[in-house]
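Here's the structure, in structure tokens; my notes come after.
Derivation of every value follows stated rules applied to the coordinates shown; laboratory data play no part. Source: prediction; values computed, not measured. We place every Cβ from the backbone using ideal geometry, glycine too, and count neighbours over all the protein chains shown.
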Amino acid sequence: MSDVARTTEVAAADSPAIVKPKRRVRASKPMIDRYRWFEILGLYAGLLVFLFFVLSPFIEGFMVSLKPLAQLFSTPYSFIPKRASFDAYFQMWQSVPMLGLYIFNSFFISTVVTLIVIAVVVPAAYAFARFQFAGAGLMLGAFLAVNMFSGAVLLIPLFRLMRSMGLLNTYWAMIVPGAAFLIPSSIWLLRTYLIRIPKELDEAAWVDGASRLYTLRRVILPLAMPGIVVVAIMTFIGAYAQQFIFALTFNSKSEFMPLPIGLFAFFGKQEVVWNELMAASFVGVLPVMIVIVFLQRYLVAGLTAGAVKQ
Amino acid sequence: MTSTRSATLFALALLAPALIYILTIVAYPLVDTFILSFTNAALRPDYDWVGWANYQRIFTAGNFTEVIIRTFIWTLLSVGMKMIIGMCGAVLLNAAIPGQALFRILTMPPWVVPMAIGIYMWSWMYNGQFGMISGLLQNFGFISRPVAWLAYGDTAFWATIVTDVWIGVPMVTIYFLAAMQSIPRDLHEAAWTDGAGRFYRFRRITLPLMVPAVLTMSLLSLISTFNSFDIIWILTQGGPSGSTTTMIIDTYKTAIGSRKYGEGAARAVVICIFVLTFCFVYFRAVRKLSQGEAK
């Protein structure tokens with residue numbers, strides 16, 4: 001995949017071996033990239049429609065969070081709030097007393113999942129990247145096959161398994177299965193990074209008398225750090241974005257609920273308090289969103305390295 | 001490095017944690033599903049072997065074939081729309097215009113926000129009386145009366161698809177964008193020198209070279225869409241009157257809702273068989289494709 005990554009400035013930035021090309025000066029924009037005025041207009045119009053589709057739920061959600069309930073449940077519909085107020089952002093802490101805990105739980109579960117996945121995946125990816133042993137290809141294929149089964153399909157036996165392990169209604173009921181379904185793609189992703197590290201380094205360490213474990217710990221790990229960071233971020237996002245079904249089925253204690261399930265309780269009430277639900281959603285995801293804005297290049301790198309070309 | 005026995009042992013030791021983890025949490029439940037599907041397991045601890053009875057029941061009684069067909073239509077529509085919108089998005093984001101970097105960031109939120117939270121927002125937007133979609137369409141005069149999108153079979157079916165597309169589009173777009181950028185620039189420059197227009201270059205250079213990326217993404221999103229649970233469960237719980245009940249919802253209702261573990265397992269097995277078939281077909285397609293290139 002290296003040739004792919006190199007052309008993407010985003011991916012290039014994460015590997016220290018590749019020098020980031022200097023940004024092209026705008027004045028000397030090549031002729032091929034010049035657009036006629038109507039093309040520019042078309043592009044921006046298209047982008048407007050596209051981004052409207054992608055962002056409208058967030059914009060509308062934000063507007064809703066600013067509207068008092070009485071205005072929310074009134075016709076005719078108006079997109080812009082008439083009397084905008086941030087009341088919902090203060091009231092929600094009373095209506096959902098455990099909101100802070102839900103936000104923390106979401107974060108905590110995703111973090112533990114990420115730690116487990118990294119601990120398990122780093123050695124496994126190294127094994128697949130460096131050693132030729134009988135059945136390696138088959139085993140890698142078997143790992144990838146896990147991706148085909150969603151947690152929802154295996155819910156019944158997983159439920160029985162969690163019950164017999166005594167994990168129901170604990171954090172582990174969400175963490176253990178959550179991590180399992182993220183391991184295979186993480187192995188695949190990290191393996192592509194590790195393959196790029198020259199084998200000669202391992203051999204040099206070997207010749208100098210370093211043990212295999214020492215080589216992995218002191219030679220490979222530091223070099224693989226950018227890749228590990230990408231895998232960790234991808235895993236975290238996966239764990240964070242997909243918290244629903246395990247938390248819905250394997251846990252009924254509200255003190256362990258992650259944000260999405262905690263907010264799902266809103267729907268149980270007689271009248272859904274939409275403005276507070278939206279306000280709580282925004283506050284809940286805000287910390288992670290801010291982090292992601294800064295880390296987005298790693299996300300792009302992770303997505304493209306994992307799949308584009310092998 | 002030497003490929004001695006100790007190296008193999010070391011590799012296996014490195015693999016052991018991942019292997020044990022997956023065997024316990026994925027492989028064992030998978031085997032358990034197959035075994036359960038031949039039993040009448042339910043909430044009570046003991047159960048009996050019933051042979052093919054579960055499979056006989058789901059295929060003869062009820063509307064299982066209807067559910068299968070619905071699942072396929074739902075999945076194909078959703079994947080098709082994801083591919084088309086994703087491709088359009090990638091083309092737009094690939095254009096060298098000011099603001100490009102910002103637009104790329106703005107594409108990502110649906111992917112990184114917890115899915116369920118995005119779906120809550122949609123469920124409000126679909127609200128008939130007060131929701132945005134019905135409201136805006138009325139304001140612009142496209143519809144005369146409020147439409148409760150999730151209350152009718154047809155509209156609920158499409159509404160769940162649109163939300164699924166919305167969640168899937170960012171990933172597809174970014175992926176296609178990366179694939180587009182990996183196309184050697186020389187090709188475009190050569191064609192441009194020869195006077196080929198933008199649209200012609202897209203059709204004759206970009207699209208053909210994107211085929212592998214489109215195939216890969218189609219399979220990935222086919223599998224995830226086929227298994228899509230959260231969206232339908234939060235928006236409609238499979239209703240109204242079963243019009244959005246896909247196989248996965250059907251399985252969940254049988255197994256977790258009605259506590260018929262055995263029958264639910266049989267339904268899950270049917271899902272697994274379909275997913276395996278997709279993968280098999282996909283690998284055949286890829287092999288054919290690479291053979292075609294080799295010629």
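With Cβ to Cβ distances under 14 Å as the rule, what net charge do the other residues near B:TRP233 carry (K, R +1; D, E -1)?
Numbers: positive: B:LYS253; negative: B:ASP164, B:ASP230, B:ASP250.
Value of the local net charge: -2.
Using the alpha-carbon centroid of each, what span in Å lies between segment B:33-57 and segment B:228-295?
The distance from the Cα centre of segment B:33-57 to that of segment B:228-295 comes to 20 Å.
How much of the pair distance distribution for segment B:13-144 lies past 22 Å, counting alpha-carbon pairs only, in percent?
On the way: 6246 of 8646 pairs.
The share of Cα pairs beyond 22 Å in segment B:13-144 comes to 72 percent.
Can you put A:THR249, B:THR24 in order of Cβ neighbours within 10 angstrom, beginning with the fewest?
By the 10 Å Cβ count, ascending: B:THR24, A:THR249.
Considering only lysines 8 or more places apart in sequence, or on different chains, count the pairs in the protein assembly as shown whose C-alpha atoms sit under 29 Å apart.
Taking the Cα cut-off of 29 Å, the pair count is 18.
Go ahead and estimate [θ] at 222 nm for chain A from helices alone: -39,500 (n - 2.57) per DSSP H run with n ≥ 4, summed, over the residue count, rounded to 500.
-21000 deg cm²/dmol
Based only on other Cβ atoms within 10 Å, what is the fewest-to-most ordering of B:ARG5, B:ARG104?
Final ranking by Cβ density, sparse to dense: B:ARG5, B:ARG104.
Averaged over A:35-47, how many beta carbons belonging to a partner chain fall within 10 Å of each residue's beta carbon? Before the final figure, lay out each step's value.
On the way: counts 4, 1, 0, 0, 3, 3, 0, 2, 7, 6, 1, 6, 10.
Partner Cβ neighbours, averaged per residue: 3.
Across bins of 20 angstrom width beginning at 0, how are the C-alpha pair distances of chain A distributed, in whole percent?
With a bin width of 20 Å, the distribution comes to 25, 48, 25, 2.
Across peptide B:190-199, how many C-beta atoms of other chains are within 10 Å of each residue C-beta, on average?
Whole-number average of other-chain Cβ neighbours for B:190-199 is 1.
Taking the alpha-carbon centroid of each part, what is the distance from segment B:120-165 to segment A:133-168 in angstrom?
First find each Cα centre; the distance between them is then 38 Å.
Hey, fewest Cβ within 10 Å first, where do A:THR114, A:THR192 land in order?
Starting with the residue having the fewest Cβ neighbours, the order is A:THR192, A:THR114.
Work out the mean other chain Cβ neighbour count within 10 Å for the residues of A:51-64 and drop it here as an integer.
Neighbouring Cβ atoms belonging to other protein chains average 6 per residue here.
Compute the separation of the alpha-carbon centres of segment A:99-120 and segment A:181-196 and state it in Å as a whole number.
Segment A:99-120 and segment A:181-196 have Cα centres spaced 20 Å from each other.
May I ask you to give the average projected area over all directions of the convex hull of the Cα atoms of segment A:200-310, in nm² rounded to one decimal?
11.1 nm²
Which value in Å is the Kirkwood Rh of segment B:1-85 over different Cα pairs?
17.7 Å
Quick check for you: which residues of segment B:216-232 have the amide N under 12 Å from the point 7 Å beyond the Cα of B:VAL286 toward its beta carbon?
B:216-220
Select from chain A the helices, each a whole stretch of DSSP H, whose alpha-carbon atoms run 27 Å or more along the helix axis and whose Kyte-Doolittle mean is at least 0.0; answer none if there are none. It would help to have the intermediate numbers written out before the result.
On the way: long enough: A:37-66 (39 Å, 1.84); A:99-130 (46 Å, 1.85); A:221-241 (29 Å, 1.98); A:274-307 (39 Å, 1.47).
Taking the DSSP H segments of chain A (at least 27 Å long, mean hydropathy at least 0.0), we get A:37-66, A:99-130, A:221-241, A:274-307.
Using 5 Å bins from zero, what percent of all Cα-Cα pairs in segment B:69-244 falls into each bin?
The calculated distribution, bin by bin, is 1, 8, 14, 16, 16, 15, 11, 8, 6, 3, 1, 0.
Which value, in Å to one decimal place, does the Kirkwood hydrodynamic radius take for the protein assembly as shown when every pair of different Cα atoms is included? Display every interim value, and only then the final one.
Details: mean 1/r = 0.0385 Å⁻¹.
Computed over the protein assembly as shown, the radius equals 26.0 Å.
Report the dimensions of chain B along its three principal axes from the alpha-carbon atoms, largest first, rounded to Å.
In descending order, the Cα extents are 76, 75, 34 Å.
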